[in-house]
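Comments concern the structure below.
The values are calculated or read from the model by the stated rules, or taken from the named source; none is laboratory data. Please read these numbers as outputs of a predicted model, since none were measured by experiment. Heads up, the Cβs are rebuilt from the backbone with ideal geometry, glycines too, and the neighbour counts pull from every protein chain shown.
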């Protein structure tokens, strides 16, 4: 009877936790949809404030005739009241129709599909490089002698304060133009990915490293760390096997934010290094008043950001035992 009661209690706890996760996921998805709607709305009205005539941007070329402008204005509904244009715009988005790029005369979905790979490659490389730098630096310097720990913290503060565009120019000038170790531009090889990834990763590593360092130093003062040391484990083993896994939760929670930061930073980095990607396409689309492409890229980046944050939030709840206990 006791075994049956314990089994029923365990099943009840699992059902409660599962129900909580489902409700939490529903709330996150609802919040994500609201965020996407807000971003789509802000982008639409911001593009309406751009100088120039959208009809001319659609036609392209120089000195279009008044008849051509009038025809395009009517065809695209640009002569309709703004609220009507907004309603048509939302109805198309709900159907998954991002429209046709004004500047490239291609479906926006096709343009995004062609460019997204290079941007996601850059973001993933920057995240991987960020965590390699953070783990190597914090595990080496956190909780050491005061001067070592202060040096580690100072380096992280300096890195976190570096503007990515300035760092990109310095890396380009030193390692591409002067030393000629890396290509100046391009996105067709792993070699051309290194400098852009470092330009994004170094400032982010400084920021994430500060948070991870603080968490790791607090963890190293916990009683279970002293117990592990008394068992004869080496300092590196204690840090890697015991302290680190309890110190990564703040870093995990920052990963979703990091995706957004890297996506926005990739705009400038892709322009500086003349890389393919959504960031460079967005820059060019704004210049040419290509509203469908601007909106499409903005929504895709926002969607990825929302999904990553939902995934990180769920992972945080699954990993943190305190939250599991609270849910039960």
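The rows are residues; the columns are (1) touching a helix residue (DSSP H, G or I) at 6+ places or on another chain (Cβ under 8 Å); (2) over 29 Å from residue 303 (Cα atoms); (3) surrounded by 14 or more Cβ atoms within 10 Å (Cβ to Cβ).
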position	(1), (2), (3)
33	no, no, no
36	yes, no, yes
42	no, no, no
63	no, yes, no
71	no, yes, yes
75	no, yes, no
82	yes, no, no
89	yes, no, yes
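Do the conditions hold for residue 40, that is, is it out of contact with any strand residue (DSSP E or B) (no Cβ under 9 Å at 6 or more places or on another chain), part of a helix (DSSP H, G or I) and farther than 30 Å from residue 304 by Cα? Judged against the criteria, residue 40 is not a match. Exactly one residue out of 162, 151, 133, 124 is in the same structural domain as residue 293 (by TED's automatic domain parsing) and either buried (at least 18 other Cβ atoms within 10 Å of the Cβ) or touching a strand residue (DSSP E or B) at 6+ places or on another chain (Cβ under 8 Å) (or both), and it is 133. Of the helices (runs of 4 or more DSSP H) that lie entirely inside the range 127-231, those containing 2 or more residues that are at pLDDT below 90 and over 18 Å from residue 264 (Cα atoms) span 146-160, 194-219, 223-230. If you filter the range 46-61 down to residues that are loosely packed, with under 12 Cβ neighbours inside 10 Å and free of Cβ contacts under 8 Å to residues at least 12 places away in the same chain, you find that the one that is nearest to residue 310 (Cα to Cα) is 49.
Within the range 283-294, does at least one residue satisfy the condition of being at negative phi and assigned to a loop (DSSP other than H, G, I, E, B)? Spell out the reasoning first.
Looking only at the range 283-294, we keep the residues that are at negative phi, and these are 283-288, 290-294.
Checking the rest, the ones that are also assigned to a loop (DSSP other than H, G, I, E, B) come to 288, 290.
Scanning the range 283-294 turns up at least one residue that is at negative phi and assigned to a loop (DSSP other than H, G, I, E, B).
Within the range 74-105, being under 13 Å from residue 291 (Cα atoms), part of a loop (DSSP other than H, G, I, E, B) and modelled with pLDDT of 80 or more holds for 98, 99, 101, 102, 103, 104, 105. Contact annotation: residue pairs with Cβ atoms under 6 Å, 6 or more positions apart or on different chains, pairing a residue in the range 225-248 that is closer than 19 Å to residue 138 by Cβ with a partner that is at pLDDT 75 or above and outside any helix (DSSP H, G or I), are 243/220.
Taken over the range 176-196, the criterion of being buried (at least 22 other Cβ atoms within 10 Å of the Cβ) and farther than 14 Å from residue 276 by Cα is satisfied by 195 alone.
Is there a residue in the range 195-209 that is more than 22 Å from the chain's Cα centre (by Cα) and assigned by TED's automatic domain parsing to the domain that holds residue 170? No, every residue in the range 195-209 fails to be more than 22 Å from the chain's Cα centre (by Cα) and assigned by TED's automatic domain parsing to the domain that holds residue 170.
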